Amino acid sequence: MAQYPLKKIFLIDDDPIHQQIAVLMLQKAGVVEQVTGFQEAQTALDYIRTHATEPEALPEVILLDLNMPVMDGWAFLDAFEQMRDGLLASVRIFIYTSSINYHDRLRAHQYASVTGYLVKPLSKEDIERIASIAHS
């Protein structure tokens, strides 16, 4: 059985095409055992809240789009930060967005759980950066 640097990544993005491309790239790169996609941020948040005390059920990394309907990435981050201390696993968030807005980048780094800011589409360097957190 192959040994992956990461066990689980959650990809939260309302765009199914970007989501599918990112999943394929992550799988092809061999950096993660399982990628779970969510098209709605609230669904991912509910899952995390339900499984907060089950470290094996939680992802090591979340790739989070900012611009989504209903609950956007900012609302997800606000809610996640409130429950972060109750999680029995360390979860790192990479913003994964098409926004190149400097203010979005600054705002994202004000959240303790945000590890990085990636602009769509994922590059080989982005994937290497995500994988490197397994060794930090």
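The values are calculated or read from the model by the stated rules, or taken from the named source; none is laboratory data. Keep in mind the model is a prediction, meaning the values are calculated, not measured. Using ideal geometry, Cβ is built from the backbone for each residue, glycine included, and neighbour counts are taken over all protein chains shown. Quick note on the areas: whole protein, heavy atoms, side chains included, nothing else; ligands and nucleic acids left out. Shrake-Rupley method; radii C 1.70, N 1.55, O 1.52, S 1.80 Å.
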Of the residues that sit in region 117-132 and are without any contact (Cβ under 8 Å) to a residue 60 or more places away in the chain, open to solvent by less than 80 Å² (accessible area, probe 1.4 Å) and not polar (S, T, N, Q), which one is farthest from residue 59 (Cα to Cα)? 119
Residue 85: surrounded by fewer than 16 Cβ atoms within 10 Å (Cβ to Cβ), among the acidic types (Asp, Glu) and out of contact with any His (no Cβ under 8 Å at 6 or more places or on another chain), yes or no? yes
Matching option when the condition is closer than 19 Å to residue 97 by Cβ and part of a loop (DSSP other than H, G, I, E, B), among 25, 68: 68
Counting just the residues of region 95-116 that are assigned to a strand (DSSP E or B) and touching a Phe, Trp or Tyr at 6+ places or on another chain (Cβ under 7 Å), which one comes out most open to solvent (accessible area, probe 1.4 Å)? 115
